[in-house]
1. Considering D134, D92, which residue is charged (D, E, K, R) and surrounded by fewer than 12 Cβ atoms within 10 Å (Cβ to Cβ)?
2. Only one of (1) within 28 Å of T97 (Cβ to Cβ); (2) under 22 Å from the mean Cα position of the chain (by Cα); (3) open to solvent by 60 Å² or more (accessible area, probe 1.4 Å); (4) among the hydrophobic types (A, V, I, L, M, F, W, C) fails for I177. Which number is that?
3. Filter the stretch 137-158 down to residues that are open to solvent by 70 Å² or more (accessible area, probe 1.4 Å) and over 18 Å from L117 (Cβ atoms), then give me how many there are.
4. For T161, state whether it is assigned to a strand (DSSP E or B), open to solvent by 20 Å² or more (accessible area, probe 1.4 Å), of a type in the set (S, T, N, Q) and in contact with a Ser or Thr (Cβ under 7 Å, 6 or more places away or on another chain).
5. In the stretch 113-124, what residues are farther than 24 Å from N159 by Cα and of a type outside the set (G, A, S)?
6. I need the full set of residues from the stretch 164-174 which are small (G, A, S) and surrounded by 13 or more Cβ atoms within 10 Å (Cβ to Cβ), in order please.
7. Check N198, N193 and return the single one that is more than 21 Å from P95 (Cα to Cα), open to solvent by less than 80 Å² (accessible area, probe 1.4 Å) and touching a strand residue (DSSP E or B) at 6+ places or on another chain (Cβ under 6 Å).
8. Any residue in the stretch 184-198 that is of a type in the set (S, T, Y) sitting within a Cβ distance under 8 Å of a residue that is open to solvent by 70 Å² or more (accessible area, probe 1.4 Å)? List the pairs, counting only those 6 or more apart or interchain.
Amino acid sequence: MRHNNDKKKKTGIDTLLSTRDIPARCHSFLSLHLFHLLRPNGFSPSKHRLSSLSAVFSTFLLFYIFTFTSCSSIDCPVQNSVYTKYKALRSDGTPDTLQSSLTVSTTMRNGIDSVLLNRKTNATVFELPISYTDAEDTLFFELADEAKNLFDTVYVAKNNTPHFESVDCNISFFHDITAVKWTNNAIDSVVINKSSVNYDASTEHFHIYFKARP
């Protein structure tokens, strides 16, 4: 009889643990704790044990709610894209505010042009997305004002590393910027300030210096 009761209780617990609502990574953790809760010295269907079973399951219920919540509340990023941040500076290191409107675009793999930043005015700091797996990104800068439009191309070389937050989250890519090149129509120079590109939105990756404008 002891063996049959054990089997019956285990079957009920195993059914509860196999529910699809519990993340797979929590199964073994819950099973281990339940094993110790129900069988500290070998399960016995005595009246004392049966009378305390409801208390054990009440404890388990609270434990289950707590564990389920903690196991399923992984903070996956809202979007798995990362961005590079540019800050415009003058030659003396003070912030530079562009009076011309700034547009930045790129050409995607399918050959279609994509606008990344559209006619931003009074720009000092701006962010641009970065490709997932390309070894180099090509960015087309356009500064436009009433007098004329100036065009430059910036080439950003990088290494790409897959990044996993959790099995519940989509894969993302972090990057290490290895080099930057540019043309010199409106841009004087571009300096890599921080090479590591990840979820840290406060990092200034590039300091960009524009030529003096009338």
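The values are calculated or read from the model by the stated rules, or taken from the named source; none is laboratory data. Note that the structure is a prediction, hence the values are computed from the model and not measured. Ideal geometry is used to build each Cβ from the backbone, glycine not excepted, and the neighbour counts take in all protein chains shown. The protein model used for the area step is the full one, side chains on, heavy atoms only, and it has no ligands, DNA or RNA in it. Shrake-Rupley method; radii C 1.70, N 1.55, O 1.52, S 1.80 Å.
1. Sole residue among the options that is charged (D, E, K, R) and surrounded by fewer than 12 Cβ atoms within 10 Å (Cβ to Cβ): D92.
2. Status for I177: all satisfied but (3).
3. Total satisfying the criteria: 3.
4. It is false that T161 is assigned to a strand (DSSP E or B), open to solvent by 20 Å² or more (accessible area, probe 1.4 Å), of a type in the set (S, T, N, Q) and in contact with a Ser or Thr (Cβ under 7 Å, 6 or more places away or on another chain).
5. N118, R119, K120, T121, N122, T124
6. Hit for the stretch 164-174 is S172, nothing else.
7. N198
8. S189/W182; S195/T178
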